[in-house]
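> Here it is, the structure in full.
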Amino acid sequence: MDLNVVSQSGGCASSGCGSSADRLSHLPEAIRAKVDNHPCFSEDAHHHYARMHVAVAPACNIQCHYCNRKYDCSNESRPGVVSELLTPDRAVKKVIAVAANIPQMTVLGIAGPGDPLANPERTLETFRQLSEKAPDIRLCVSTNGLALPEVVDEICKHNIEHVTITINCVDPDVGAKIYPWIFWNNRRVKGRKAAEILIAQQQKGLEMLVERGVLVKVNSVLIPGVNDEHLKEVSRAVKAKGAFLHNVMPLIAEPEHGTFYGLMGQRGPSNEELQTLQDACAGDMAMMRHCRQCRADAVGMLGEDRGHEFTLDKIETMEIDYEAAMARRAEIHAEIEANRTAQRQQTGEAFVSLSSLKRGLKTKAAEPRPVLMAVATTGGGVINQHFGHAREFLVYEASVNDVRFVGARKVDLYCSGGDTCGDAETTLQKIIRTLKDCEAVLCSKIGYEPWSQLEEAGITPNGEHAMEPIEEAIAAVYQEMVASGQLEQAGAEPQRLTA
Ligand code: CLF
Ligand code: SF4
């Protein structure tokens, strides 16, 4: 079965696309059921559902040049983060507590702090207990792939439906620049030979998982000058083997993290470089663009971390009736699904109206140019956050074809009140720099000061679409921009279109 059918790249060009939620609608029912509420495997689900990680796996069997072992595995996490290590028993207690208190949680992932499959007993014991005690939670694991082929059958036994393999290259010459060594058959193997073994294991593991019906996401770290061009070939190769989704993440390399790349001054990609490469790979397979490079002990919606609410001492004091919590979770999931259906319908109508714009054009040259817009949201798929409270903005591209998600951009908190107000101007300038390629910011509210500075920077603040579904609101703002004539392409015959 070809699983590579989710298009997040704009997809159908002619008649107006469905929303990101609709882009799953053509998948076979069995696959859709596995991804529809997984916040990483479905872009739309990440607005509505949460995940958690438990850090049970301390050891690693390879060395990546972007990793310092004092910190979490950088194959999924932001470098420089240290997670609290748990035993499998404690991890299971924590999952039960979180699942009972955060009803949106649908997935438990193990992603570090080392490589989960280099710690097979701890990882598999955690999964084994959870598949018995919390059968309504999906299980997910992330690995560098070296030990994968040997544990694939164990993974399947424990009901693990989603696996992520970090594959940065399919060429050992490229690999030799990323991995100084691997630990293989009780000895350290270095250089090209190490990369050759790692690549062979990753590819074999991927094939074995696909054969067994497990959904595989491939993560790749984009390292400018090392594997940037090569990642297009990686995307083609993993698609051909049946991977479901490709997540190209930016290298984060700072000297203070003490990694090889950080210390040697290897730079990470700009937002534009990342987006260009994701677009180039999107021709070959479905791309994940909403990854937040979570901690190995992250809890909550993607982009938020509620781990401090579930420390071991707090968990000890919680009385949990998991049967009752499961029933409540099921009710809340039904409410979420009803909301999603309503949002899909509203967004679908907005998209039909977008496509009518296109039909009204005389020539391709007259087509209004696409526009990037940033959105402040706390989740739920709607515009519901004050500009000053946003810690990240979701960036979308609107065009006459559709509205597509481009990526999440983290920012410092502009308005935290109290003593930090003296820094506000500087922080605001940083936010404006982060959003410099956007032409509008949609939020529930915004203060006078940021409003005027955004306008001065050529970014139009917009608080008129509070509580509306994101894609619908963006489509409406885009149509207003088209109608005002501000998006006409240079040299095109002027047109005045109405939505
Ligand atoms: Fe965790 Fe990873 Fe499973 Fe998701 S995270 S193990 S697939 S449940 Fe998701 Fe976080 Fe990105 Fe990972 S946003 S870092 S891709
Ligand atoms: Fe670090 Fe993860 Fe690479 Fe291991 S696989 S070296 S933990 S980034």
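The values are calculated or read from the model by the stated rules, or taken from the named source; none is laboratory data. Predicted model only: the values in this text are computed from it and were never measured. Cβ atoms come from the backbone with ideal geometry, glycine included; neighbour counts cover every protein chain shown. All accessible areas refer to the heavy atoms of the entire protein, side chains included, with ligands and DNA or RNA removed. Shrake-Rupley method; radii C 1.70, N 1.55, O 1.52, S 1.80 Å.
> Taking GLU464 as the residue in question, decide whether it is modelled with pLDDT of 90 or more, part of a helix (DSSP H, G or I) and open to solvent by 30 Å² or more (accessible area, probe 1.4 Å).
Numbers: modelled with pLDDT of 90 or more: yes; part of a helix (DSSP H, G or I): no; open to solvent by 30 Å² or more (accessible area, probe 1.4 Å): yes.
Spelling it out, it is not the case that GLU464 is modelled with pLDDT of 90 or more, part of a helix (DSSP H, G or I) and open to solvent by 30 Å² or more (accessible area, probe 1.4 Å).
> Continuing with the same structure: Among residues belonging to the stretch 249-273 that are farther than 14 Å from ILE178 by Cβ and of a type in the set (A, V, I, L, M, F, W, C), point out the one that is surrounded by the fewest Cβ atoms within 10 Å (Cβ to Cβ).
That would be LEU263.
> Just to be sure I understand, how many residues within the stretch 409-433 are at pLDDT 80 or above and buried (at least 18 other Cβ atoms within 10 Å of the Cβ)?
The total comes to 5.
> I'd like the residue in the stretch 119-155 that is part of a helix (DSSP H, G or I) and within 16 Å of ligand 2 (Cβ to nearest atom) and, out of all such residues, is surrounded by the most Cβ atoms within 10 Å (Cβ to Cβ). Steps first, answer last, please.
Here is the first cut: in the stretch 119-155, the ones part of a helix (DSSP H, G or I) are 120-133, 148-155.
Subset that is within 16 Å of ligand 2 (Cβ to nearest atom): 120, 122-123, 148, 151.
Values: PRO120: 16, ARG122: 21, THR123: 26, LEU148: 23, VAL151: 20.
So, considering only residues that are part of a helix (DSSP H, G or I) and within 16 Å of ligand 2 (Cβ to nearest atom), the one surrounded by the most Cβ atoms within 10 Å (Cβ to Cβ) is THR123.
For every residue, the table says whether it meets (1) touching a helix residue (DSSP H, G or I) at 6+ places or on another chain (Cβ under 8 Å); (2) within 23 Å of MET249 (Cβ to Cβ); (3) away from ligand 1 (no atom under 13 Å from the Cβ).
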site	(1), (2), (3)
SER77	no, yes, no
VAL81	no, yes, no
LEU85	no, no, yes
LYS94	yes, no, yes
ASN101	yes, no, yes
ILE110	yes, yes, no
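> Now for a separate question. Just the residues that are more than 16 Å from ligand 1 (Cβ to nearest atom) and in a loop (DSSP other than H, G, I, E, B), please, taken from the stretch 156-180.
Here is the first cut: in the stretch 156-180, the residues more than 16 Å from ligand 1 (Cβ to nearest atom) are 156-157, 169-180.
Passing the criteria: CYS169, VAL170, ASP171, ALA176, LYS177, ILE178, TYR179, PRO180.
> Right, something else. Just wondering, is there one or more residues in the stretch 103-115 that are in a helix (DSSP H, G or I), open to solvent by 10 Å² or more (accessible area, probe 1.4 Å) and either farther than 30 Å from PHE183 by Cα or hydrophobic (A, V, I, L, M, F, W, C) (or both)? Steps first, answer last, please.
Keep residues of the stretch 103-115 that are in a helix (DSSP H, G or I), which gives none.
No, the stretch 103-115 contains no residue that is in a helix (DSSP H, G or I), open to solvent by 10 Å² or more (accessible area, probe 1.4 Å) and either farther than 30 Å from PHE183 by Cα or hydrophobic (A, V, I, L, M, F, W, C) (or both).
> Okay, next question. Does ARG289 meet the test of being within 16 Å of ligand 1 (Cβ to nearest atom), of a type in the set (D, E, K, R) and not assigned by TED's automatic domain parsing to the domain that holds ARG404?
yes
> For the stretch 256-298, enumerate the residues that are within 16 Å of ligand 2 (Cβ to nearest atom), part of a loop (DSSP other than H, G, I, E, B) and either out of contact with any Leu (no Cβ under 6 Å at 6 or more places or on another chain) or at positive phi (or both). Let's see the steps before the verdict.
Just the residues of the stretch 256-298 that are within 16 Å of ligand 2 (Cβ to nearest atom), to begin with: 257-263, 266, 268, 291, 293-298.
Checking the rest, the ones that are also part of a loop (DSSP other than H, G, I, E, B) come to 258-259, 266, 268, 291, 293-298.
If the condition is that a residue be within 16 Å of ligand 2 (Cβ to nearest atom), part of a loop (DSSP other than H, G, I, E, B) and either out of contact with any Leu (no Cβ under 6 Å at 6 or more places or on another chain) or at positive phi (or both), then GLY258, THR259, GLN266, CYS291, GLN293, CYS294, ARG295, ALA296, ASP297, ALA298 are the ones that fit.
> Could I ask something else about it? Which residues, counting only those in the stretch 157-173, are within 25 Å of the chain's Cα centre (by Cα) and either surrounded by fewer than 17 Cβ atoms within 10 Å (Cβ to Cβ) or within 16 Å of ligand 2 (Cβ to nearest atom) (or both)?
Result: ASN159, VAL163, THR164, ILE165, THR166, ILE167, ASN168, CYS169.
> Against the definition (open to solvent by less than 20 Å² (accessible area, probe 1.4 Å), touching a residue at least 40 places away in the same chain (Cβ under 8 Å) and out of contact with any helix residue (DSSP H, G or I) (no Cβ under 7 Å at 6 or more places or on another chain)), how does ILE223 come out, yes or no? Quick ask: steps written out before the conclusion?
Working: open to solvent by less than 20 Å² (accessible area, probe 1.4 Å): yes; touching a residue at least 40 places away in the same chain (Cβ under 8 Å): yes; out of contact with any helix residue (DSSP H, G or I) (no Cβ under 7 Å at 6 or more places or on another chain): yes.
So ILE223 passes the test.
> To continue, here is another question. Quick check on my filter: what residues within the stretch 309-339 are over 14 Å from MET105 (Cβ atoms), of a type outside the set (A, V, I, L, M, F, W, C) and outside any loop (DSSP other than H, G, I, E, B)?
As a first pass, look at the stretch 309-339 and keep what is over 14 Å from MET105 (Cβ atoms): 311-319, 321, 323-324, 327, 331, 334-335, 337-339.
Okay, now just the ones that are also of a type outside the set (A, V, I, L, M, F, W, C), so 311, 313-314, 316-317, 319, 321, 323, 331, 335, 337, 339.
Listed by number, the residues that qualify are ASP313, LYS314, GLU316, GLU323, GLU331, GLU335, GLU337, ASN339.
> Can you find a residue in the stretch 206-214 that is in contact (Cβ under 8 Å) with a residue 60 or more places away in the chain, under 17 Å from ASN75 (Cβ atoms) and away from ligand 1 (no atom under 16 Å from the Cβ)?
There is no residue in the stretch 206-214 that is in contact (Cβ under 8 Å) with a residue 60 or more places away in the chain, under 17 Å from ASN75 (Cβ atoms) and away from ligand 1 (no atom under 16 Å from the Cβ).
> Which one of these does VAL163 not meet: (1) in contact (Cβ under 8 Å) with a residue 60 or more places away in the chain; (2) within 22 Å of HIS290 (Cβ to Cβ)?
All conditions are met except number (1).
> Working only within the stretch 53-88, note down all residues that are under 16 Å from the mean Cα position of the chain (by Cα), crowded, with 24+ Cβ neighbours inside 10 Å and either of a type in the set (Ser, Thr, Tyr) or more than 11 Å from ligand 2 (Cβ to nearest atom) (or both).
HIS53, SER74, SER77
> In addition: Is the stretch 319-339 home to any residue that is at pLDDT 90 or above and at positive phi?
No.
> I would also like to ask the following. Report whether or not ASP284 is under 18 Å from VAL107 (Cβ atoms) and either at pLDDT below 95 or touching a Cys at 6+ places or on another chain (Cβ under 7 Å) (or both).
On the way: under 18 Å from VAL107 (Cβ atoms): no; either at pLDDT below 95 or touching a Cys at 6+ places or on another chain (Cβ under 7 Å) (or both): yes.
When the stated conditions are applied, ASP284 does not pass them.
> Same structure again: Could you check the stretch 166-192 and list, in sequence order, the residues that are more than 26 Å from CYS140 (Cα to Cα) and touching a residue at least 40 places away in the same chain (Cβ under 8 Å)?
Correct list: ASP171, VAL174, LYS177, PRO180, TRP181.
> Do you know which of the residues in the stretch 298-313 that are more than 16 Å from the chain's Cα centre (by Cα) and open to solvent by less than 30 Å² (accessible area, probe 1.4 Å) is farthest from GLY381 (Cα to Cα)? It would help to see each step written out before you state the result.
Taking the stretch 298-313 first, the residues more than 16 Å from the chain's Cα centre (by Cα) are 306-313.
Retained after the next criterion (residues that are open to solvent by less than 30 Å² (accessible area, probe 1.4 Å)): 307, 310.
On the way: GLY307: 23, PHE310: 26 Å.
This residue is PHE310.
> Quick test for you: out of ARG236, ARG212, pick the one residue that is open to solvent by 10 Å² or more (accessible area, probe 1.4 Å) and closer than 18 Å to ASP153 by Cβ.
Values: ARG236 fails: closer than 18 Å to ASP153 by Cβ.
Checking each option against the conditions leaves just ARG212.
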